[in-house]
Structures are given as structure tokens and as C-alpha cells.
1. Filter the stretch 27-42 down to the residues that are farther than 16 Å from S68 by Cα and either crowded, with 16+ Cβ neighbours inside 10 Å or within 12 Å of ligand 1 (Cβ to nearest atom) (or both) and list them by number.
2. Only one residue in S68, S52 is of a type in the set (S, T, N, Q), assigned to a helix (DSSP H, G or I) and touching a residue at least 24 places away in the same chain (Cβ under 8 Å), so which one is that?
3. Checking L24 against (1) in a strand (DSSP E or B); (2) over 14 Å from A64 (Cβ atoms); (3) of a type in the set (A, V, I, L, M), which single condition isn't satisfied?
4. Please go through the stretch 3-23 and pick out each residue that is surrounded by fewer than 23 Cβ atoms within 10 Å (Cβ to Cβ) and either more than 9 Å from ligand 2 (Cβ to nearest atom) or without any contact (Cβ under 8 Å) to a residue 60 or more places away in the chain (or both).
5. Enumerate the pairs (first residue in the stretch 24-41 and among the charged types (D, E, K, R); second residue anywhere and part of a helix (DSSP H, G or I)) with beta-carbon separation below 6 Å, excluding pairs fewer than 6 apart on the same chain, so at least 6 apart or on different chains.
6. Going through A64, A74, A57 one at a time, which residue ends up being closer than 24 Å to I142 by Cβ, surrounded by 19 or more Cβ atoms within 10 Å (Cβ to Cβ) and either near ligand 1 (Cβ under 9 Å from one of its atoms) or of a type in the set (F, W, Y) (or both)?
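What follows is calculated from the coordinates using simple rules that are stated; it is not laboratory data. Note that the structure is a prediction, hence the values are computed from the model and not measured. Because the Cβ atoms are built from the backbone with ideal geometry, glycine has one as well, and the counts that use them run over all protein chains shown.
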Amino acid sequence: MVIWITGLPGAGKTTIARQLLNTLQSQNLHANLLDGDELRSVLDNPGYDKESRQKLAYVYSGLANLISSQNTIAIVATVAMFDEIREWNRANIDNYLEVFVKVSDDDLLKRNKNNLYSKSNKKSNVYGKDIPIQLPKQPDLIIENSNHSSIDKHVETIVSSFRLANSKGEDTKTLWQA
Ligand SMILES: Nc1ncnc2c1ncn2[C@@H]1O[C@H](COP(=O)(O)OS(=O)(=O)O)[C@@H](OP(=O)(O)O)[C@H]1O
Ligand SMILES: Nc1ncnc2c1ncn2[C@@H]1O[C@H](COP(=O)(O)OP(=O)(O)O)[C@@H](O)[C@H]1O
């Protein structure tokens, strides 16, 4: 199973994904987290131009698929704002749950992750500034993560969807148990 958590920088993907990982592991399930920022540093920080991001997104998908094929839940927390990638995921990953972490522009600006949204920021390749955003069209779940909304609640919602997705196939029900 792959739980693909996507959203713009600062939406709250890492915060939610880390707590989700703890929750699943505390329920004796095998789970791993592939976080965009962390994976980028392991891979020697690929660029932020469209081509590099697209290439990297396929790496996330491929790694997640590999982890999932070893009966471990792969949680991915990445921006990867490409329709093409999400289509690839749906076509190639068995048991794929796409979670879109949504937040208002106001909250994004307040959080201002990595100073990306400051007017003084001279960085290029910033979503919404100089590169277009392809928001998820048909996510399985939308999490509205406005400031001070409860991360616990968000995680509960994702775990319920995960349980529902797994209860559909008897065979997969116990696959992730530690
Ligand atoms: N232009 C530019 N310059 C510097 N840093 C940037 C830029 N754009 C994004 N970021 C930061 O990189 C994180 C995105 O990494 P990802 O690999 O998850 O995203 S992507 O798939 O490449 O779009 C993302 O981290 P998260 O905030 O964790 O999403 C951003 O903080
Ligand atoms: N529900 C929330 N309420 C208030 N602050 C939040 C909430 N969710 C995330 N944050 C804060 O927003 C910032 C960005 O969160 P992060 O998880 O790093 O986002 P992302 O991984 O999507 O870039 C962090 O400082 C985090 O503590």
C-alpha cells in the first residue's frame, strides 16, 4: 500500500506524515516514510526545475512501489505536483491512496516554508510564482489543514481511509502486520 501525501510547500505534509507513521507503527503495522526534503538531501539535492522535479517524482513513485511490494506501507510526503505522476501511480501501484493536504493561500503565506513565499525571495522555480501548479484532480482524500486544525484528527481520517481500502480485499488485510 502506498499513502501518497501531496500538497504545496508548507501545507503540512511532513507534520501529518510523521504522525501517521507513528500511529501506524504503534498499531503494529510495518510502515516507512519517504519525505521529499529528506530524500532530496540523500540524493544530493536535485534541482527544482520542472524536468528535475518530474524525474525525482518518478523516483518517489518507484521507491514507494518497491517498499509496498515488500508488504510495508509506504508513506510518501512530497510536492510532486504533476498530473502525469499521479496517473502513473494509479496505473502502476496496487492499493494507492492519494491524500491532498490543502491549505489557504493566507495560511501558506503565514507559514512561508523555507522563505519561499516572501516577496524578497529571489529563488526561481517556485510553485504559484513562476511555475504552474497542477493540483490533484481526483484525490481519494482532501485534508483541510488550516492553521490550528488538529493533526490528530487528520491522521485519524487517513487511518480510517486506509482501513477501508484494505478491508475491501480480504487477502491484503493482514499483510502489513508486524
Ligand atoms: N524553488 C525552490 N527553491 C528551493 N526550495 C524549494 C523550491 N521549491 C520548493 N522547495 C522546497 O523543496 C521541497 C520540495 O521537495 P519535493 O521533492 O517534495 O517537491 S518536488 O516534487 O520537487 O516539487 C519543498 O519542501 P516541503 O515544504 O517539505 O514541501 C520546498 O520547501
Ligand atoms: N494544523 C497546523 N496548524 C498550525 N501549523 C501547522 C499545521 N500543520 C503544519 N503546520 C506548520 O506549518 C509548517 C509547515 O509544515 P510542514 O509539515 O513542514 O509542511 P510541508 O511538509 O507540506 O512543507 C510547519 O512549521 C508546521 O509546524
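1. Listed by number, the residues that qualify are G36, D37, E38, L39, R40, S41, V42.
2. On the way: S52 fails: touching a residue at least 24 places away in the same chain (Cβ under 8 Å).
On inspection, the qualifying residue turns out to be S68.
3. Only one criterion is unmet by L24, namely (1).
4. R18, Q19, L21, N22, T23
5. Hits for this filter: D35/T14.
6. A57
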